[in-house]
1. Just checking, does region 40-55 include any residue being buried (at least 17 other Cβ atoms within 10 Å of the Cβ), part of a strand (DSSP E or B), touching a Gly at 6+ places or on another chain (Cβ under 7 Å) and not aromatic (Phe, Trp, Tyr)?
2. Of the conditions (1) surrounded by fewer than 23 Cβ atoms within 10 Å (Cβ to Cβ); (2) modelled with pLDDT of 95 or more, Pro2 clears all except one; give me its number.
3. Out of the residues in region 176-198 that are open to solvent by 40 Å² or more (accessible area, probe 1.4 Å) and in contact (Cβ under 8 Å) with a residue 40 or more places away in the chain, which is nearest to Phe17 (Cα to Cα)?
4. For region 223-282, how many residues are among the β-branched types (Val, Ile, Thr) and more than 27 Å from Met144 (Cβ to Cβ)?
5. Of everything in region 117-161, what is more than 23 Å from Met13 (Cβ to Cβ), hydrophobic (A, V, I, L, M, F, W, C) and assigned to a loop (DSSP other than H, G, I, E, B)? Give them in sequence order.
6. Filter region 56-67 down to the residues that are in contact (Cβ under 8 Å) with a residue 24 or more places away in the chain and open to solvent by 30 Å² or more (accessible area, probe 1.4 Å) and list them by number.
7. Out of curiosity, is Ala102 surrounded by fewer than 16 Cβ atoms within 10 Å (Cβ to Cβ) and either farther than 20 Å from Pro168 by Cα or touching a residue at least 24 places away in the same chain (Cβ under 8 Å) (or both)?
8. Quick check on my filter: what residues within region 24-39 are in a helix (DSSP H, G or I) and open to solvent by 10 Å² or more (accessible area, probe 1.4 Å)?
Amino acid sequence: MPQIGMVMEGGAMRGLFTAGVIDVFLENDIEFSAAVGVSAGAAFGCNFKSRQKGRALRYNKRFCREKRYCSLYSLLKTGDLYGADFCYREIPEKLDPFDKEAYEQNPMAFYVVATDVYTGQPVYKRLDRADENCYLWMRASASMPMVSKAVEVEGHTLLDGGMSDAIPLRFMQEQGCKKNVVILTRPRDYVKTPANRLMLKAGLRKYPAMIDVMTDRHKMYSFEREVVFASERQGSAFVLCPDQPLNVGHTEHDPEKLQAAYDEGRIIALRELDNIIEFMSR
């Protein structure tokens, strides 16, 4: 059987759409040789490797109104909109434990993407062990510029991977995955608009390379979507995405909206399940 990969885009709380998709995969014993997650795709997608169906939805609904999880209070007190200690220590270690043993026993390769703040280049990391470094890499991948502190890990200074490689399909192809299931959190007709460079300069003056990367991010994103849909037409990618824009904010505090984004992912995955299985088996 050929190597088959899964690519999970980010998008903050739009990532609950991805959580819905991968939970359907878990329920139907769909497996991949490798997976890569960006930002929320990493933070939520890791639960596919640990086989913890429902976990991403469960803790997000439980803590979405908790000021230590995501709030202006957290940003002012810690420098991170999403509280690093609460999100990457208290939740996975105590409040909704991450199954480290199951994660490490699953042979699927799991990669995350972050952005080097000094070069603006993507950095890819395979995470086989569910240790402190694993959490640091996931946090780095999901650390949104201007509302997060850069993360120091293994000699790198990193921020959100979605700034430099939002949909790392080409990376997965380079890992030997001839076919890939790609989960997007925007509809097919979405077009990203340019960022405000003056605002970027004000918020990222310490990292000139990040200013350049984020100024041109809309071009990178458009190109990567073209690659994805071209691969789909050629038969080497299967794309899952919402039919309509998800009604969920980056810092969503309404549990019902989080549930709706998750449910939409399940609906799309169940609708396409037979086609996915056929794609993976041919």
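1. Checking region 40-55: not a single residue is buried (at least 17 other Cβ atoms within 10 Å of the Cβ), part of a strand (DSSP E or B), touching a Gly at 6+ places or on another chain (Cβ under 7 Å) and not aromatic (Phe, Trp, Tyr).
2. Of (1) surrounded by fewer than 23 Cβ atoms within 10 Å (Cβ to Cβ); (2) modelled with pLDDT of 95 or more, only one is false for Pro2: (2).
3. Taking region 176-198 and keeping what is open to solvent by 40 Å² or more (accessible area, probe 1.4 Å), we get 178, 186, 188-198.
Imposing the further condition that a residue be in contact (Cβ under 8 Å) with a residue 40 or more places away in the chain reduces the set to 178, 186, 188, 190.
Numbers: Lys178: 25, Arg186: 10, Arg188: 14, Tyr190: 16 Å.
Per the stated criteria, the residue is Arg186.
4. First pass over region 223-282, keeping only residues among the β-branched types (Val, Ile, Thr): 227-228, 239, 248, 251, 267-268, 276-277.
Restricting the remaining residues to those that are more than 27 Å from Met144 (Cβ to Cβ) gives 267, 276-277.
Of the residues in that region, 3 qualify.
5. Val117, Ala130
6. To start, the set of residues in region 56-67 that are in contact (Cβ under 8 Å) with a residue 24 or more places away in the chain comprises 56-65.
Across region 56-67, the qualifying residues are Arg58, Lys61, Arg62, Arg65.
7. Working: surrounded by fewer than 16 Cβ atoms within 10 Å (Cβ to Cβ): yes; either farther than 20 Å from Pro168 by Cα or touching a residue at least 24 places away in the same chain (Cβ under 8 Å) (or both): yes.
Yes: the conditions hold for Ala102.
8. Leu26, Glu27
The values are calculated or read from the model by the stated rules, or taken from the named source; none is laboratory data. As the structure is a prediction and not an experimental result, all values here were calculated from the model. Note that each Cβ is placed from the backbone with ideal geometry, even for glycine, and that neighbours are counted across all protein chains shown. Each accessible area value is taken on the protein alone, full model and side chains, heavy atoms only, with ligands, DNA and RNA left out. Shrake-Rupley method; radii C 1.70, N 1.55, O 1.52, S 1.80 Å.
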